[in-house]
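Structure record follows, encoded as structure tokens.
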Amino acid sequence: MGRPGVDREPARLCAGRVRLPLDRGVARGAPARGGVRGGVPPVPAGDPGVPSPVAGGAAGVTWAALSLASALAWSLADLFAKRALASLPPVRVAWVRTALALPVLAAVALGTGLTRPDGVFWAAFACALPLEIAAALLYQHALRASPLGLAAPYLAFTPAFLVFTGRWILGEAPAGPAYLGIGFVCLGAYLLHLEPRLGWAEPLRALARERGSRLMLAVAALYSVTSALGKIAVVHSDPATFGLLYYAALTLCLTPWALGPGNGGAPRWSPDLLGVGIFSALMILAHFAAIRIAPASYMIALKRTSVLWSILLGGTVLRETGWRRRLAAGAVMVAGVGLIAGSF
């Protein structure tokens with residue numbers, strides 16, 4: 001959700017490329033609403049948050065630990081979702097991930113205070129919401145269709161796609177290392193499926209076979225758009241307000257579908273379904289705690305180690321084969337994400 005603010009030229013929203021001005025004071029270099037001069041730095045991959053400078057020392061250890069905890073919680077939510085999807089429809093699992101995160105987001109919003117959104121916020125919000133719903137459903141279909149260690153890593157393409165969607169929607173122009181990072185992400189994706197005994201073209205054939213990998217690639221593309229739109233929304237409100245309203249709208253839209261007669265009516269709370277909700281909420285809690293004390297690009301780069309956790313959990317808990325080889329490929333993808341994140 002994927003999982004931000006930006007200070008740029010007027011942004012183009014939706015298919016018609018309607019130009020919506022960002023905060024004028026921010027555009028002139030005045031302090032932004034979040035108190036960061038020049039606007040809120042970009043946060044890739046659908047992860048909302050307004051960063052503050054790191055104090056160093058214990059604070060550095062704290063935000064790093066929180067970022068890694070957020071990554072682990074994300075992967076554990078995926079693990080429980082993968083198991084729950086064996087007997088539940090994807091829309092039900094997607095609903096649980098949003099509905100059980102709402103109390104955490106409400107607590108964060110009440111603790112920090114809410115901001116009254118303006119018209120630009122609602123325009124960005126309205127454009128992002130249907131894409132986010134599609135991404136949430138495709139995400140669960142991807143987890144069900146393929147091994148966790150072959151589906152989840154493709155989410156690392158979100159910041160790679162964001163290099164281009166950020167330029168189109170926000171006018172962002174990342175530094176040169178971002179393109180090297182894209183190369184690393186692509187190389188890692190290639191290595192995920194590489195088996196030398198089957199030839200160097202095997203990764204391409206494997207990608208054609210693995211429906212879950214292809215679906216997660218589509219999810220990454222959708223998240224790169226919703227992330228850019230989310231940046232605009234956060235600049236015109238604040239992270240807590242945006243997160244609460246966004247998840248509330250997602251839950252509201254998914255509820256009739258997820259709890260309808262065609263999907264079994266009211267949910268039966270299995271341990272796996274509860275695990276999905278609990279770890280989704282913990283992921284958001286750790287994310288917000290880390291983003292308050294860390295530069296966003298560093299925090300998101302660490303959070304993308306969820307790729308490695310997903311591969312490890314897939315191999316050790318779900319008994320997926322080839323996970324040791326995939327760990328090396330995942331590390332290459334995470335390195336690429338780090339290069340991209342540091343280029344904004």
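The values are calculated or read from the model by the stated rules, or taken from the named source; none is laboratory data. Quantities reported herein were computed from a predicted structural model and do not represent experimental measurements. Backbone-built Cβ (ideal geometry, glycine too); neighbour counts: all protein chains shown.
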Take the conditions among the aliphatic types (A, V, I, L, M), assigned to a helix (DSSP H, G or I), within 25 Å of residue 335 (Cα to Cα) and modelled with pLDDT under 90 and apply them to residue 150. Does it pass? no
In this structure, is residue 64 part of a helix (DSSP H, G or I) and either at pLDDT 95 or above or out of contact with any helix residue (DSSP H, G or I) (no Cβ under 7 Å at 6 or more places or on another chain) (or both)? no
How many residues does the stretch 310-325 contain that are assigned to a helix (DSSP H, G or I) and within 17 Å of residue 188 (Cβ to Cβ)? 8
Among the residues that make up the stretch 229-238, is at least one of them among the polar types (S, T, N, Q), in contact with a helix residue (DSSP H, G or I) (Cβ under 8 Å, 6 or more places away or on another chain), part of a helix (DSSP H, G or I) and at pLDDT below 95? no
Restricting attention to the stretch 72-93, which residues are over 15 Å from residue 146 (Cα atoms) and among the aliphatic types (A, V, I, L, M)? 72, 73, 76, 77, 88, 91, 93
Of 191, 222, 170, the only residue that is at pLDDT below 90, over 17 Å from residue 85 (Cβ atoms), surrounded by 17 or more Cβ atoms within 10 Å (Cβ to Cβ) and touching a helix residue (DSSP H, G or I) at 6+ places or on another chain (Cβ under 6 Å) is 170
Name the one entry in 212, 243 that is of a type in the set (Gly, Ala, Ser) and either outside any helix (DSSP H, G or I) or over 16 Å from the mean Cα position of the chain (by Cα) (or both). 212
Index of the failed condition, residue 174 passing every other in (1) within 28 Å of residue 101 (Cα to Cα); (2) part of a loop (DSSP other than H, G, I, E, B); (3) not acidic (Asp, Glu): (1)
Tally the residues that are under 24 Å from residue 260 (Cβ atoms), at pLDDT below 95 and touching a Ser or Thr at 6+ places or on another chain (Cβ under 8 Å), restricting the search to the stretch 96-141. 7
Among the residues of the stretch 71-86 satisfying the criterion of being of a type outside the set (A, V, I, L, M, F, W, C) and touching a Ser or Thr at 6+ places or on another chain (Cβ under 8 Å), which is surrounded by the fewest Cβ atoms within 10 Å (Cβ to Cβ)? 75
Answer yes or no: is there a residue in the stretch 297-304 that is of a type in the set (D, E, K, R), more than 19 Å from residue 121 (Cα to Cα) and under 18 Å from the mean Cα position of the chain (by Cα). yes
